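Undergrad: Pasting in a structure now, in structure tokens, and then I'll have a few things to ask.
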Amino acid sequence: MSHYDVAVIGGGLLGCATARHLARAGSRVLLLEKDQLNRHASGQNAGSLHFQLEYRMVEHGDAGARLAARALPLHLDAMRAWATLEDELGERCGVARRGGLMLAETPAEVAALDRKAALERRYGLDTTVLSGRELRELAPYLSPTVTAAGYVAGEGKANPRLVTPALARAAVRYGTVLRTGCRVTGLYRHGHRWELETGGTTGDTSGTAYTADAVVLAAGVWTAELAAMADTRLPVFPVGLTMSTTARTAPLIPHLVQHVGKRLSMKQTEEGNVLIGGGWPAKLVTRAGRLDLEHNPELRYESLTSNADAARVVPAVLPLPVIRSWTGMTTLTPDQLPLLGAVPRRPGLFVATGGSAFTLGLTYARLLADTLLTGRPDQSIEDYSPARFGALNFV
């Protein structure tokens, strides 16, 4: 039985980034992934770096927007983290920060955009509402129906296929022990240590046991399942999402494009493909009445057509053939805020999930690692603590 200071469960962006921080500080770190690195949400999303409040955070009115705004300090930190990531890792991750636009077409949407921007500015996010000639000069590709847009210069994109592997390589260079194809099948507290039972994901049932002083749950949609092994309940829910990509075209969209009144995210890759997403749902797979998280969600026709319709704000995209559509999963909490920090009544158990986990993942990882290492992260994570759901766990 091998012993580590910290066992991190989950080989996505969050897990790899957390392992990197901990190992760089001298901790003995074990990183466990049940499949391949970057196999799930971290590698299947569209790579948006959106620091403005997105549509799902404002669609239910000002009260919901004010609640979501409690995560804006994380957004500001994440903007700084993405700006220096490639230099820190010494390799390209497809990070491009040429600015982001949150569009509005109707008077009601313009009013909502103004309120959102004012709220963001109160938290220190420099959101400017553009209209008229100023907007047309910045983004001539937009439809004439777009009358205003919130602009943040630091928004952009990263390549999901490059980021997590680069973080994993950095973690291993600092001494992290990486195990892929290694599923956690048991998680128990014995004295002052955690014991982790594992088995291979290809039929191996012999299993290997590890012990660790602390455990980090960074496993996305499998967070609740892992927490249950430790006899605790965390209210995290899987959500299926749909994304599409067009054939390559000449440079057209330099910005990250979103919409304040509908589900939409749009950006163009270095190769010229236009990625279209924005939270359109996909159907989670169920078997025998239970969610099957091992299979990607199924495509929904109405999401594909609605996604294409939302793209009308950039008319030049409409003639482009869609060459691929795919689904992925993300994890949300009931209040849509992140779940970040120590799990109540389970000493040495920590969690990081929820919220905009790709955009904010670098910040989640740093703050969580600092919490484990010193107990004093440089900014408070109390608003995102699992303790706000403590009533779910009575022992």
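Undergrad: Give the number of residues within segment 132-159 that are within 30 Å of Arg92 (Cβ to Cβ) and assigned to a loop (DSSP other than H, G, I, E, B).
TA: Residues in segment 132-159 being within 30 Å of Arg92 (Cβ to Cβ) and assigned to a loop (DSSP other than H, G, I, E, B): 9 in total.
Undergrad: Please go through segment 212-237 and pick out each residue that is of a type in the set (Lys, Arg) and within 25 Å of Ser2 (Cα to Cα).
TA: Of everything in segment 212-237, nothing turns out to be of a type in the set (Lys, Arg) and within 25 Å of Ser2 (Cα to Cα).
Undergrad: Separate question: Would you point out the residue of segment 48-75, among those that are among the acidic types (Asp, Glu) and over 13 Å from Met102 (Cα atoms), that is surrounded by the fewest Cβ atoms within 10 Å (Cβ to Cβ)?
TA: Filtering first and then ranking leaves Asp62.
Undergrad: Answer yes if at least one residue in segment 147-169 is of a type in the set (Lys, Arg), at pLDDT 95 or above, closer than 18 Å to Val351 by Cα and surrounded by fewer than 23 Cβ atoms within 10 Å (Cβ to Cβ), and no otherwise.
TA: Among the residues of segment 147-169, not one is of a type in the set (Lys, Arg), at pLDDT 95 or above, closer than 18 Å to Val351 by Cα and surrounded by fewer than 23 Cβ atoms within 10 Å (Cβ to Cβ), which makes the answer no.
Undergrad: Is there a residue being out of contact with any Phe, Trp or Tyr (no Cβ under 6 Å at 6 or more places or on another chain) and within 25 Å of Glu225 (Cβ to Cβ) anywhere in segment 312-326?
TA: Yes; the residues of segment 312-326 include at least one that is out of contact with any Phe, Trp or Tyr (no Cβ under 6 Å at 6 or more places or on another chain) and within 25 Å of Glu225 (Cβ to Cβ).
Undergrad: Taking segment 305-331 as the region of interest, how many residues are in a strand (DSSP E or B) and out of contact with any Pro (no Cβ under 8 Å at 6 or more places or on another chain)?
TA: Number of matching residues: 5.
Undergrad: Separate question: For segment 1-98, please list each of the helices (runs of 4 or more DSSP H) lying entirely inside it that holds at least 1 residues being farther than 27 Å from Glu270 by Cα.
TA: Fully inside segment 1-98 and qualifying: 13-24, 55-58, 62-68, 72-89.
Undergrad: Which ones in segment 99-131 are assigned to a loop (DSSP other than H, G, I, E, B) and of a type in the set (D, E, K, R)?
TA: Glu105, Asp126 - these are the residues of segment 99-131 that are assigned to a loop (DSSP other than H, G, I, E, B) and of a type in the set (D, E, K, R).
Undergrad: Taking the criterion of being surrounded by fewer than 24 Cβ atoms within 10 Å (Cβ to Cβ) and either on the phi > 0 side of the Ramachandran plot or touching an Asp or Glu at 6+ places or on another chain (Cβ under 6 Å) (or both), would at least one residue in segment 8-25 satisfy it?
TA: Checking segment 8-25: not a single residue is surrounded by fewer than 24 Cβ atoms within 10 Å (Cβ to Cβ) and either on the phi > 0 side of the Ramachandran plot or touching an Asp or Glu at 6+ places or on another chain (Cβ under 6 Å) (or both).
Undergrad: Considering only residues that are among the charged types (D, E, K, R) and out of contact with any helix residue (DSSP H, G or I) (no Cβ under 6 Å at 6 or more places or on another chain), which ones fall in segment 219-258?
TA: Glu225, Asp231, Arg248
Undergrad: Is one or more of the residues making up segment 160-174 touching a residue at least 12 places away in the same chain (Cβ under 8 Å), within 26 Å of Arg20 (Cβ to Cβ) and in a strand (DSSP E or B)?
TA: Looking for residues that are touching a residue at least 12 places away in the same chain (Cβ under 8 Å), within 26 Å of Arg20 (Cβ to Cβ) and in a strand (DSSP E or B), one finds none in segment 160-174, hence no.
Undergrad: How many residues are more than 15 Å from Ala111 (Cα to Cα) and in contact (Cβ under 8 Å) with a residue 60 or more places away in the chain if we restrict to segment 139-157?
TA: Looking only at that region, the number is 10.
Undergrad: For segment 289-333, enumerate the residues that are small (Gly, Ala, Ser) and either at pLDDT below 90 or surrounded by fewer than 19 Cβ atoms within 10 Å (Cβ to Cβ) (or both).
TA: Gly289, Ser306, Ala308, Ala310, Ala311, Ala316, Ser325
Undergrad: What about Met79, is it at pLDDT 95 or above, closer than 21 Å to Pro281 by Cα and not assigned by TED's automatic domain parsing to the domain that holds Val221?
TA: no
Undergrad: Please count how many residues of segment 360-389 are part of a helix (DSSP H, G or I), surrounded by 13 or more Cβ atoms within 10 Å (Cβ to Cβ) and not acidic (Asp, Glu).
TA: 18
Undergrad: Report, by residue number, each residue of segment 231-244 that is over 25 Å from Pro281 (Cα atoms) and surrounded by 18 or more Cβ atoms within 10 Å (Cβ to Cβ).
TA: Scanning segment 231-244 gives a single hit, Thr232.
The values are calculated or read from the model by the stated rules, or taken from the named source; none is laboratory data. Owing to the predicted nature of the structure, the values given are computational and were not obtained by experimental measurement. Because the Cβ atoms are built from the backbone with ideal geometry, glycine has one as well, and the counts that use them run over all protein chains shown.
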